[in-house]
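In what follows, a structure is listed as structure tokens, so that the remarks can point back to it.
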Amino acid sequence: MPYPGSKKNKYMGENPFATMPENTKAHMWCFKNNIFITPVEAGYKARMWYLEIRLGSKTFKSPEKYGPMDVWEKMYEFYNYYYKKYEKKI
């Protein structure tokens, strides 16, 4: 079910990747180190999302759009990428 107050056609689906221990660890590490990844709607009623990646003061947008379930998988793929790339350097 969509979250309260949302329109059903904008619902992004459940996020099964958030509860995986390796994803939680990478997500929290990124959060503590000012790396944020957020789904941003690609268009009105499009049911597609870009991922906005903020690294400190710089912001980037993914070149591709992702569907309702793919967006979550790709978001945690990015969190794990940045965690593995910068963990030892910071």
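The values are calculated or read from the model by the stated rules, or taken from the named source; none is laboratory data. Just so it is clear, the model here is predicted, and its values are computed rather than measured. As a convention, Cβ positions derive from the backbone with ideal geometry for all residues, glycine included, and neighbour counts pool all protein chains shown.
Data overview
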| quantity | calculated |
| --- | --- |
| Hits in the range 17-31 - residues which are surrounded by 12 or more Cβ atoms within 10 Å (Cβ to Cβ), out of contact with any helix residue (DSSP H, G or I) (no Cβ under 6 Å at 6 or more places or on another chain) and either at pLDDT below 75 or not in a loop (DSSP other than H, G, I, E, B) (or both) | ALA18, GLU22, THR24, LYS25, MET28, PHE31 |
| Only listed residue being surrounded by 15 or more Cβ atoms within 10 Å (Cβ to Cβ) and free of Cβ contacts under 8 Å to residues at least 24 places away in the same chain, chosen from TYR83, TYR50, TYR44 | TYR50 |
| Residue satisfying condition, being at pLDDT 95 or above and under 17 Å from THR24 (Cβ atoms), within set PHE60, PHE78 | PHE78 |
| Output for the range 63-89, where each listed residue is part of a loop (DSSP other than H, G, I, E, B) and under 23 Å from THR19 (Cβ atoms) | GLY67, PRO68, MET69, GLU87 |
